[in-house]
């Protein structure tokens with residue numbers, strides 16, 4: 001097992017009295033651009049259909065762990081730290097761990113997966129089962145209670161659609177960040193709104209209520225000042241935080257804000273369509289039922305202009321069998337349920353072989 | 001006069017023998033995101049109509065001086081350094097300087113202008129006339145030989161349209177950077193191309209030749225790897241450098257690449273239209289003649305798919321009097337000509353008063 005360079009993260013293990021026959025546990029981790037959450041659960045039978053009764057031992061929270069955003073070293077330190085805190089809180093140590101599912105944003109390619117897996121291998125004892133996934137997979141599992149079937153649409157600061165067939169085929173769409181076309185995301189919506197202000201100001205676009213509303217919100221006195229504000233801080237979340245202002249303007253009837261939200265609905269629906277069609281989730285006749293797990297601030301149904309509802313309306317014309325789910329547990333619990341399911345499946349397969 | 005903190009930049013002045021009655025000079029500076037150029041010219045009469053015969057004493061070059069991009073301190077050090085080198089090369093020092101025109105990108109608001117002016121004031125003797133402009137103004141002057149009349153369209157890594165009426169009214173459009181709608185720029189074109197690759201790959205968009213062409217150019221083996229490549233380095237110029245590949249694909253008939261270039265033409269034309277209409281450059285009947293200075297790699301006419309030519313075609317339908325100019329001198333010379341003109345005008349006005 002790895003001894004941490006600063007010799008701190010795992011120090012609690014030496015001081016800890018682990019009860020003889022202490023519980024076997026699993027770790028589920030959801031690592032995003034905004035925060036990172038780790039859940040520790042015991043390996044005991046439980047009802048997958050009742051989110052309320054999940055036996056959660058501990059929950060730990062940390063900051064950003066997207067390596068594209070904070071770099072490899074900082075991302076790893078955050079991930080290792082949050083796992084150590086969750087284990088320590090649950091009164092367990094690494095020798096009690098049976099499986100870990102690390103679901104982190106920025107895993108876009110098998111090489112990303114392998115790199116994280118190699119690093120994770122050094123932290124835990126040899127026999128621990130390790131699973132590395134894109135964080136969208138944990139979000140899907142949080143809506144299906146650990147079953148990898150159907151599609152998840154995440155629209156928060158960023159956006160991605162990710163899906164699985166029951167026989168394990170997977171596909172994704174979007175999730176490539178703001179430069180590479182995630183226009184339906186919170187960042188995408190807000191950046192379009194800022195652009196609309198500039199275009200109205202310089203004569204390229206229609207006048208819009210977005211100008212006064214957003215400048216007020218930011219305490220700026222002119223559209224020119226928006227340029228300095230925008231580039232002063234590269235954080236995508238800071239820009240995405242303007243989405244509620246855009247929704248308010250659309251609700252008040254502003255044409256430009258309505259167009260931005262309608263475009264966002266089209267973009268989000270197009271990501272789901274691409275995944276559903278590539279995986280054939282809607283069956284041959286297009287009418288098959290499949291779950292669509294919906295996650296993230298942009299899709300939350302708390303406004304009269306309801307982006308999530310419009311996405312469903314748009315999708316159900318083409319796929320009448322789409323079954324929307326808003327998860328009752330957080331994605332980190334989804335990751336823990338995934339670890340639980342993977343572990344059970346592999347154990348059963350091994351028992352069968354032996 | 002300012003003594004530079006490191007005591008180095010202006011040291012040459014102490015070692016220099018300036019001839020009695022040494023020439024009075026002006027400095028013109030073009031500071032952009034890619035490079036910064038400073039020109040030193042004598043204050044002597046010359047023919048404004050003959051770019052070949054301009055009496056240039058010295059030229060100095062440095063790196064980026066956009067404060068939004070490298071920060072205030074680094075930007076200022078670059079600007080001060082490049083002016084010192086130009087003066088030193090021309091055998092002059094700060095007491096010979098009569099006027100300075102600093103045309104730098106990132107000047108978007110009177111407060112930006114004032115901040116730079118205050119700083120510049122500390123460097124030069126009290127009597128030196130100082131002018132601070134957006135770098136687009138120097139580009140306009142480079143095509144009109146120092147006269148502020150007409151419109152300039154710049155499309156390189158970024159894009160901006162900037163115009164002046166003969167009686168000094170000014171207007172601009174775009175120039176707000178990639179987050180705020182500069183979609184016709186080199187960066188905008190290339191980012192759309194990268195997005196098209198991701199969309200084709202994940203099933204949201206049409207197949208396109210851009211995929212193999214750009215992946216080959218970058219030495220990547222899959223569209224997924226583009227994500228890591230894109231976010232590994234935030235430089236806009238690195239992405240904009242892919243424009244020639246997009247043009248090649250459009251020339252070869254690729255539908256997606258053609259659409260991207262046509263959209264870029266529309267965006268660029270729309271910036272010019274906004275400026276021309278706000279300033280009434282086309283006169284009341286829309287047929288008045290006005291110069292349109294065209295600058296930047298995206299507008300260079302060296303390909304059969306000629307973006308600059310298409311922008312002109314698009315504009316001349318609405319403004320038959322548009323008169324395109326491709327400057328024969330660089331923008332820093334435009335800045336020097338501006339300093340020259342401002343200085344002459346102010347001197348004449350003062351002579352008239354006294």
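Just a few scattered comments:
- Top-ranked residue of the stretch A:162-176 - restricted to ones that are within 16 Å of the chain's Cα centre (by Cα) and over 30 Å from residue B:240 (Cβ atoms), ranked as farthest from the other protein chains (Cβ to nearest Cβ): A:164
- Taking the criterion of being assigned to a loop (DSSP other than H, G, I, E, B) and farther than 15 Å from residue B:137 by Cβ, the residues of the stretch B:315-354 that qualify are B:319, B:320, B:321, B:326, B:328, B:354.
- Screening the candidates A:227, A:260, A:179 for the property of being surrounded by 24 or more Cβ atoms within 10 Å (Cβ to Cβ) and either touching a helix residue (DSSP H, G or I) at 6+ places or on another chain (Cβ under 9 Å) or more than 10 Å from chain B (Cβ to nearest Cβ) (or both) yields one hit, A:260.
- Qualifying residue in the stretch A:286-308 (condition: assigned to a helix (DSSP H, G or I), surrounded by 23 or more Cβ atoms within 10 Å (Cβ to Cβ) and within 14 Å of chain B (Cβ to nearest Cβ)): no
- Residues in the stretch A:300-318 that are touching a helix residue (DSSP H, G or I) at 6+ places or on another chain (Cβ under 7 Å) and over 21 Å from residue A:246 (Cα atoms): A:315, A:318.
- Counting residues in the stretch A:165-173 that are without any contact (Cβ under 8 Å) to a residue 24 or more places away in the chain, on the phi > 0 side of the Ramachandran plot, out of contact with any strand residue (DSSP E or B) (no Cβ under 9 Å at 6 or more places or on another chain) and outside the structural domain of residue A:107 (by TED's automatic domain parsing) gives one or more.
- Positions within the stretch A:98-137 being buried (at least 22 other Cβ atoms within 10 Å of the Cβ) and at pLDDT below 90, in sequence order: A:105, A:106, A:107, A:108
- Test: residue A:251 is more than 30 Å from residue B:278 (Cα to Cα) and either modelled with pLDDT of 95 or more or more than 10 Å from chain B (Cβ to nearest Cβ) (or both): yes
Let's see how each residue does on (1) touching a helix residue (DSSP H, G or I) at 6+ places or on another chain (Cβ under 6 Å); (2) free of Cβ contacts under 8 Å to residues at least 24 places away in the same chain; (3) surrounded by fewer than 24 Cβ atoms within 10 Å (Cβ to Cβ); (4) away from chain A (no Cβ under 14 Å):
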{"site": "B:30", "(1), (2), (3), (4)": "yes, no, no, yes"}
{"site": "B:35", "(1), (2), (3), (4)": "no, no, yes, yes"}
{"site": "B:55", "(1), (2), (3), (4)": "no, yes, yes, yes"}
{"site": "B:62", "(1), (2), (3), (4)": "yes, no, yes, yes"}
{"site": "B:73", "(1), (2), (3), (4)": "no, yes, yes, yes"}
{"site": "B:88", "(1), (2), (3), (4)": "yes, no, yes, yes"}
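- Filter pass, residue A:143 being under 18 Å from the mean Cα position of the chain (by Cα), touching a residue at least 60 places away in the same chain (Cβ under 8 Å) and not assigned by TED's automatic domain parsing to the domain that holds residue A:337: no
- Near pairs, Cβ below 6 angstrom, 6+ apart or cross-chain, from the stretch B:315-331 (exposed (fewer than 14 other Cβ atoms within 10 Å of the Cβ)) to any residue that is assigned to a loop (DSSP other than H, G, I, E, B): B:320/B:287; B:323/B:289
- Taken as a whole, the structure places residue B:274 among residues that are within 11 Å of another protein chain (Cβ to nearest Cβ) and either within 20 Å of residue B:176 (Cβ to Cβ) or part of a helix (DSSP H, G or I) (or both).
- Restricting the stretch B:188-206 to residues that are at the interface with chain A (Cβ under 9 Å from one of its Cβ atoms) and touching a residue at least 40 places away in the same chain (Cβ under 8 Å) leaves a set whose member that is nearest to residue A:267 (Cα to Cα) is B:205.
- When residue A:266 is tested against (1) in a helix (DSSP H, G or I); (2) surrounded by fewer than 22 Cβ atoms within 10 Å (Cβ to Cβ); (3) away from chain B (no Cβ under 11 Å), only condition (3) is not met.
- The set of residues from the stretch B:138-155 being within 26 Å of residue B:93 (Cα to Cα) and either part of a helix (DSSP H, G or I) or modelled with pLDDT of 95 or more (or both) comprises B:138, B:141, B:142.
- When A:212, A:221, A:185 are screened for being farther than 15 Å from residue B:173 by Cβ, surrounded by fewer than 18 Cβ atoms within 10 Å (Cβ to Cβ) and either within 11 Å of chain B (Cβ to nearest Cβ) or in contact with a strand residue (DSSP E or B) (Cβ under 8 Å, 6 or more places away or on another chain) (or both), only A:221 passes.
- Single residue of B:130, B:120 found to be more than 11 Å from chain A (Cβ to nearest Cβ), touching a helix residue (DSSP H, G or I) at 6+ places or on another chain (Cβ under 7 Å) and closer than 26 Å to residue B:71 by Cα: B:130
The values are calculated or read from the model by the stated rules, or taken from the named source; none is laboratory data. What you are looking at is a predicted structure, and each value in this text was computed from that prediction instead of being measured. Here Cβ is always computed from backbone atoms with ideal geometry, including for glycine, and neighbour counts include all displayed protein chains.
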